[in-house]
Number of protein chains: 2
Amino acid sequence: MKAVPPPNAPFADECIEDARASDPAKLGWMQGFPPPPDRRISRALGHHFSWPQLRWAVSHTHQLGPVAVIQRGAGPISALPQALRDDLDAVPFKTQRDEPLTWGDAFDANYTDGLLVLHKGRVVHERYAGVMKPNGTHACMSVTKSFVGLLALKAVYDGHLEEDKLISHYIPSLKGTGFGSASLGQVMDMTTDMAYDEIYTDPNSGIWQYLRAAGVLPLRAEDQAYSGGLYDYLAELKPQGTHGVAFAYKTINTDMLAWVLQTVLTQSLPDLLSEVFWQPMGMQQDALIQIDQCGNAFGGGGLLTCTRDLARFGQMLAQDGFFNGRQIVPAAVVETIRQGSDPAKFVPAGYTTLPGFSYRAMWWVSGDPHRCFSARGVHGQAIWVDPVAQVVIARHASHRHAGNAMNDSVSQPYYRAIADHLSRHPS
Amino acid sequence: MKAVPPPNAPFADECIEDARASDPAKLGWMQGFPPPPDRRISRALGHHFSWPQLRWAVSHTHQLGPVAVIQRGAGPISALPQALRDDLDAVPFKTQRDEPLTWGDAFDANYTDGLLVLHKGRVVHERYAGVMKPNGTHACMSVTKSFVGLLALKAVYDGHLEEDKLISHYIPSLKGTGFGSASLGQVMDMTTDMAYDEIYTDPNSGIWQYLRAAGVLPLRAEDQAYSGGLYDYLAELKPQGTHGVAFAYKTINTDMLAWVLQTVLTQSLPDLLSEVFWQPMGMQQDALIQIDQCGNAFGGGGLLTCTRDLARFGQMLAQDGFFNGRQIVPAAVVETIRQGSDPAKFVPAGYTTLPGFSYRAMWWVSGDPHRCFSARGVHGQAIWVDPVAQVVIARHASHRHAGNAMNDSVSQPYYRAIADHLSRHPS
């Protein structure tokens, strides 16, 4: 058995920098009954966030730790009309680094596992690779945040929450803690300033402690402080500056938001996601969500879905909140996302690949003429909504490198190239 | 935080010998966001098999360890026509100990969590208690075995397996091991004689080691020998007598059978259950199944389903394998179960509550005039099929005591009382 490397560090002999070569089935990961000892991936081995094991783990996350179920209910599956076309792969575009690429080649460049493109509500492109299947589930990671953000905006619209209220108003036990003095709106827009950092490439970063608290990674002997789960961790965080000044991407905000939502609405996050989205939208499959030691769902990144249901969610937003014959969220809530927040607060975070963007209620908002907005997961998972072109792109991916800065150079022009092409050449 | 007791040992101050008093919601287990520290149940705490935590754990098993998904697919849900009636609870009967009881009172006497009765294919009774919901999932425990047994009988019928062949024929690496010299049929009927015991009330029994190997219970520091999962454990077992002489109920047989099935059919157990049962039967929900460290599904007891889907499975068998407009398994396969095996081989096992029974292909076969047969889980979970009365009873339960000997005194006459009542007073 090989030594277990630190989280996200590669095995030296398996630095396979290529999507096709790192296909888990080809590499034999978890193939056979039982899989050979040196091809096993498990929570006990602790290497499921390592490369290339990650490529298998993202579509088997429920096999690597506890989950809760987000039920689709007993209703019929909502239609996703098909209008497949074969001209998209050849669409040329240039990356942000000015390299020429075709749309089809970008599939592997982004280590894509599942991809679905909707134009005017119809499926024009659908493709899977590796061990991801149309009826599988795949880790959405931080795309999860945007689901929680939308729940929060709806709760504000419905009058259950107020963005100006302090977190300590909703959870009095947090008075005096870092989060207690932040407003709900600051948490929603991630402008809190907390003594916690989120640098995926640094094994000592707060995010790795937090993922252990969240139950995503196993606890180590020295991690007893996190055994109380997400909310015990959040309750201990200290502030480090002034809330509200600048955007700083920190997963802890989303779980703080989920904690408030569940407390005020007295329903668990999986049940809220089921009731507000999965059941009325006629999702095709139950989704799953990773949970911590206390059964708390990991709102910051635990959602596991199929690619089609991710696309349905995007399509609902492209249609001003209307889907499957009903208004899922008010149109005004979707407009709140499209408006974004103050781009000046976004600039200090240094996302050079996202010029003009802002962050609003857990959504990445482009501020471009099409008013596109996006949900983003750390290994390239994405929902891209272009309301003007009526294009929705849902993508599950397991990019070699954690952090969207690693794929934005391809992804950002890629999204716009296909929207432009579909607008100029409609079906 | 309380000290963690050994598996299945009660907390001294919480020996609540009553179904209603041990309702997990009433006791506050895992209620709130987050639940209070002394009301948490987790794999890390290791007390989910303890009482009364078990009553919550059985309907949240997927939150306590890794699972695989048994997909229902995208087809419509099969009908379960309703013909509810209100006369069943008053039906009187006598327990095997000659105590008078009503059918309704037996619900709590058996610590029932979910109950569904079908008569001639229609739902005449449905009831839930505690934290079990109609759309929830509940641990079926050894009821799982009967699903695997039916898959095996079908594979024999289809010509993929032969009952006379040795296990080492199918899995050559097992030559020279305890299982290698058993025939497939001996494994199916549990007449292997292996150096392994299964006494749920003995914390040192083989079953507890096995449940750790299966991933159902967490590994302890001294359990490294089981970290390879179910099949590594099975491969190391030694024989202790002569195979084929007598029935001896040992869970290891079912996983040995599942290992052969998966190897020969080159599909995982969850995928087989999905393809053969969940998809064509129009089950209402995805089921889940517990898996070990290597991703192997726990065929001996890992199935998590809703009560209605358990009832659909029973109804399919009551209809000679026909359900949802198609033949799910050949009628001859169901007849094989009804015929049972040699009752003389059953007698030495000492099941005094089951006179006349035999064990065939992971089913408990009554040998009575109605040719009833049953699937049985260790905390009272059951499928009871009466093909003559056309009565199917599906039950999820979390009986205070592990072992059906603890509930058979009530359950055995209870099943027959309701079948008799429904036959005499049809809807």
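Could you figure out which of (1) on the phi > 0 side of the Ramachandran plot; (2) surrounded by fewer than 19 Cβ atoms within 10 Å (Cβ to Cβ); (3) of a type in the set (A, V, I, L, M) isn't true of A:ALA361?
(2)
A:GLN284 fails exactly one of the following numbered conditions: (1) farther than 18 Å from A:ASP113 by Cα; (2) crowded, with 24+ Cβ neighbours inside 10 Å. What is the number of that condition?
Status for A:GLN284: all satisfied but (2).
Are any of the residues in segment B:224-241 without any contact (Cβ under 8 Å) to a residue 12 or more places away in the chain, out of contact with any Leu (no Cβ under 6 Å at 6 or more places or on another chain) and at negative phi?
Filtering segment B:224-241 down to residues without any contact (Cβ under 8 Å) to a residue 12 or more places away in the chain leaves B:224-225.
Still in the list and also out of contact with any Leu (no Cβ under 6 Å at 6 or more places or on another chain): B:224-225.
From what is left, the residues that are at negative phi are B:224-225.
Yes, the conditions are met somewhere in segment B:224-241.
Give B:LEU272, B:LEU211, B:LEU237 a once-over and let me know the one that is away from chain A (no Cβ under 14 Å) and assigned to a helix (DSSP H, G or I).
Numbers: B:LEU272 fails: away from chain A (no Cβ under 14 Å); B:LEU237 fails: assigned to a helix (DSSP H, G or I).
Matching residue, one of B:LEU272, B:LEU211, B:LEU237: B:LEU211.
Tell me which residues, restricted to segment A:250-263, are of a type outside the set (S, T, N, Q) and at the interface with chain B (Cβ under 10 Å from one of its Cβ atoms). Step through it out loud before you land on a result.
First pass over segment A:250-263, keeping only residues of a type outside the set (S, T, N, Q): A:250, A:252, A:255-261.
A:ALA258, A:TRP259, A:VAL260, A:LEU261, listed by residue number.
Among strands (runs of 3 or more DSSP E) lying entirely in segment A:66-175, which contain 2 or more residues that are at pLDDT 95 or above and surrounded by fewer than 17 Cβ atoms within 10 Å (Cβ to Cβ)?
Details: elements: A:67-70, A:92-94, A:100-102, A:112-119, A:122-128.
The strands (runs of 3 or more DSSP E) meeting that bar are A:92-94, A:100-102.
Sort out which residues of segment B:282-299 are facing chain A (nearest Cβ under 7 Å) and within 18 Å of B:LEU219 (Cβ to Cβ), and write them in order of number.
B:ILE291, B:GLN293, B:CYS294, B:GLY295, B:ASN296
Which residue pairs have Cβ atoms closer than 9 Å, lie 6 or more positions apart in sequence or on different chains, and pair a first residue in segment B:265-291 that is farther than 19 Å from B:ASN135 by Cα with a second residue that is of a type in the set (Asp, Glu)?
Cβ pairs passing all conditions: B:GLN267/B:GLU275.
Assuming A:PRO387 fulfils every condition listed in (1) touching a Cys at 6+ places or on another chain (Cβ under 9 Å); (2) surrounded by fewer than 21 Cβ atoms within 10 Å (Cβ to Cβ); (3) closer than 19 Å to A:TYR249 by Cβ apart from one, which condition is it?
Looking at each condition in turn, A:PRO387 falls short on (3).
Right, B:GLN240: among the polar types (S, T, N, Q), closer than 30 Å to A:MET30 by Cβ and surrounded by fewer than 19 Cβ atoms within 10 Å (Cβ to Cβ) or not?
Values: among the polar types (S, T, N, Q): yes; closer than 30 Å to A:MET30 by Cβ: no; surrounded by fewer than 19 Cβ atoms within 10 Å (Cβ to Cβ): yes.
When the stated conditions are applied, B:GLN240 does not pass them.
Among A:ARG416, A:ARG400, A:ARG395, which is the only one that is outside any strand (DSSP E or B), buried (at least 20 other Cβ atoms within 10 Å of the Cβ) and charged (D, E, K, R)?
On the way: A:ARG416 fails: buried (at least 20 other Cβ atoms within 10 Å of the Cβ); A:ARG395 fails: outside any strand (DSSP E or B).
Selected residue: A:ARG400, the only one of A:ARG416, A:ARG400, A:ARG395 that is outside any strand (DSSP E or B), buried (at least 20 other Cβ atoms within 10 Å of the Cβ) and charged (D, E, K, R).
Does segment A:339-358 include one or more residues that are modelled with pLDDT of 95 or more and touching an Asp or Glu at 6+ places or on another chain (Cβ under 6 Å)?
Yes, segment A:339-358 has at least one match.
State whether the residues of segment B:256-265 include one that is within 18 Å of the chain's Cα centre (by Cα), buried (at least 21 other Cβ atoms within 10 Å of the Cβ) and under 23 Å from B:GLY321 (Cα atoms).
Checking segment B:256-265: at least one residue is within 18 Å of the chain's Cα centre (by Cα), buried (at least 21 other Cβ atoms within 10 Å of the Cβ) and under 23 Å from B:GLY321 (Cα atoms).
For segment B:75-131, how many residues meet the condition of being under 20 Å from B:VAL410 (Cβ atoms) and of a type outside the set (A, V, I, L, M, F, W, C)?
Qualifying residue count for the region: 24.
Out of B:SER274, B:SER173, B:SER227, B:SER183, I need the residue that is of a type in the set (Gly, Ala, Ser) and closer than 17 Å to B:ALA297 by Cβ. Which one?
Working: B:SER173 fails: closer than 17 Å to B:ALA297 by Cβ; B:SER227 fails: closer than 17 Å to B:ALA297 by Cβ; B:SER183 fails: closer than 17 Å to B:ALA297 by Cβ.
Criteria check complete, one pass: B:SER274.
List, please: which pairs have Cβ atoms under 8 Å, are six or more places apart or on different chains, and start with a residue in segment B:168-190 that is among the acidic types (Asp, Glu) and end with one that is modelled with pLDDT of 95 or more and surrounded by fewer than 19 Cβ atoms within 10 Å (Cβ to Cβ)?
Qualifying pairs under 8 Å: B:ASP189/B:LYS345.
Would it be correct to say that B:VAL260 is under 24 Å from A:ARG39 (Cβ atoms) and of a type in the set (A, V, I, L, M)?
Details: under 24 Å from A:ARG39 (Cβ atoms): yes; of a type in the set (A, V, I, L, M): yes.
Against the criterion (under 24 Å from A:ARG39 (Cβ atoms) and of a type in the set (A, V, I, L, M)), B:VAL260 qualifies.
Which of the residues that make up segment B:337-355 are part of a loop (DSSP other than H, G, I, E, B) and farther than 17 Å from B:VAL187 by Cα?
Step one: filter segment B:337-355 for residues part of a loop (DSSP other than H, G, I, E, B), giving B:340-342, B:350-355.
Answer for segment B:337-355, where residues must be part of a loop (DSSP other than H, G, I, E, B) and farther than 17 Å from B:VAL187 by Cα: B:GLY350, B:TYR351, B:THR352, B:THR353, B:LEU354, B:PRO355.
Scan segment B:276-287 and give yes if some residue there is under 15 Å from B:VAL67 (Cα atoms), within 19 Å of the chain's Cα centre (by Cα), modelled with pLDDT of 95 or more and not in a loop (DSSP other than H, G, I, E, B), otherwise no.
Looking through segment B:276-287, at least one residue is under 15 Å from B:VAL67 (Cα atoms), within 19 Å of the chain's Cα centre (by Cα), modelled with pLDDT of 95 or more and not in a loop (DSSP other than H, G, I, E, B).
Please state which one of B:PRO218, B:PRO203 is in a loop (DSSP other than H, G, I, E, B) and within 12 Å of another protein chain (Cβ to nearest Cβ). Lay out the reasoning, then the answer.
Numbers: B:PRO203 fails: within 12 Å of another protein chain (Cβ to nearest Cβ).
Testing whether each residue is in a loop (DSSP other than H, G, I, E, B) and within 12 Å of another protein chain (Cβ to nearest Cβ) leaves just B:PRO218.
Considering segment A:42-100 alone, what residues qualify as being of a type in the set (Gly, Ala, Ser), within 14 Å of another protein chain (Cβ to nearest Cβ) and out of contact with any strand residue (DSSP E or B) (no Cβ under 8 Å at 6 or more places or on another chain)? Full working, then the answer.
Looking only at segment A:42-100, we keep the residues that are of a type in the set (Gly, Ala, Ser), and these are A:42, A:44, A:46, A:50, A:57, A:59, A:65, A:68, A:73-75, A:78-79, A:83, A:90.
Imposing the further condition that a residue be within 14 Å of another protein chain (Cβ to nearest Cβ) reduces the set to A:42, A:44, A:46, A:57, A:59, A:65, A:68, A:73-75, A:78-79.
A:SER42, A:ALA44, A:GLY46, A:GLY73, A:ALA74, A:GLY75, A:ALA79, listed by residue number.
Identify the single condition in (1) over 29 Å from A:PRO270 (Cβ atoms); (2) among the polar types (S, T, N, Q); (3) in contact (Cβ under 8 Å) with a residue 60 or more places away in the chain that B:THR102 does not satisfy, given that it satisfies every other one.
(3)
For a quick check of your reading of the model, give me the residue pairs whose first member lies in segment A:315-336 and is within 17 Å of A:GLY75 (Cα to Cα) and part of a loop (DSSP other than H, G, I, E, B), whose second is at pLDDT 95 or above and among the small types (Gly, Ala, Ser), with beta-carbon atoms closer than 8 Å and at least 6 apart or on different chains.
Note: pairs meeting the criteria are A:ASN324/A:SER78; A:ASN324/A:GLY282; A:ILE328/A:GLY321.
The values are calculated or read from the model by the stated rules, or taken from the named source; none is laboratory data. No experiment lies behind these values; they were computed from the predicted model shown. Every residue, glycine as well, gets a Cβ built from its backbone with ideal geometry; the counts of neighbours run over all protein chains shown.
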